[in-house]
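Participant: Right, I'll just put the structure down here and ask away after.
Just so it is clear, none of the values below were taken in a lab; they were calculated from the coordinates. Note that the structure is predicted; figures quoted are calculated from it, not measured.
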Amino acid sequence: MREWARASAGAPPQPVRAQHPQPVGAPAQAPTEAAVGAASAVEAGAEAASAAEAGCAAGCPEALVPHLPGVVIERRVEWPDTDAAGHYHHSTVVRWVEAAEAVLLRRLGLAHLFGSTPRVHFEADYRARLWFGEAVRIELSVAKVGSSSLTYVFTVQGEEGVEAASGRMVIAHSAARATGTTPWPADVREVLTKSGPQAPELFARPTRDVEHC
């Protein structure tokens, strides 16, 4: 063992081969199987994304969301809208929301739906008071269109832009004397899913150069 150790210690070191850089213009090394697989996966993902975009352009739910219709209207808190505390009564929000719905359906050319869309659900959160004479902004938007139902979402704001109430309302498509719901006609569904925001119904505001008597 001692002779072997002395022999190993006295053995000359092995020369280290220098690493020469690959000359410019030399052919690139062939890609490994892992690199080829990764590139194929990226290409497949890009093709899938393009296919998804093409499908959405044809009318998938993801593509229709930005085109769901909505409208903004302005109203004023009238004296009958207030209660004994002097601010608006909670039931006033229901009337404002339905007023916005009426404007929206007329804008969409769907006024014939009145009388065949009973309310099946209404909910609201009340966050601030609105007082007699105060201008109110109501925003109503279609959030979801089912086979025979429709969900609205709404917000009510006061003059200072403070959100006074928000919530949602669900309606169903059913004839006046029907015993159940009926699917939306194809042309109605087309309008309810692709029409986008509609022109608002706002108060006329006087210009600065108007002289008051």
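Participant: Apply the Karplus parameterisation 6.51 cos²θ - 1.76 cosθ + 1.60, with θ equal to phi minus 60°, to every residue of region 128-144 and state each ³J(HN,Hα) to the nearest whole Hz, in sequence, with x for glycine and proline.
Facilitator: So the Karplus estimates, Gly and Pro as x, are 8, 8, 10, 10, 3, x, 6, 6, 10, 10, 10, 10, 10, 9, 6, 9, 7 Hz.
Participant: Could you run the Karplus curve 6.51 cos²θ - 1.76 cosθ + 1.60 with θ = phi - 60° over region 185-194 and give me ³J(HN,Hα) per residue in whole Hz, x for Gly and Pro?
Facilitator: So the Karplus estimates, Gly and Pro as x, are x, 4, 5, 5, 4, 4, 5, 6, 10, 10 Hz.
Participant: Hey, another quick one. Provide the descending list of Cα extents for region 79-130 along its principal axes, expressed in whole angstroms.
Facilitator: So the extents along the principal axes, rounded to whole Å, are 39, 22, 17.
Participant: Enumerate the amide H contacts of R76 below 5 Å, restricted to partners 5 or more residues apart or on another chain; note that Pro and chain-start residues carry no placed amide H.
Facilitator: The answer is V136.
Participant: Can you list residues from other chains, or at least 5 along the same chain, whose modelled amide H is less than 5 Å from the amide H of E159?
Facilitator: Amide H neighbours of E159: A135.
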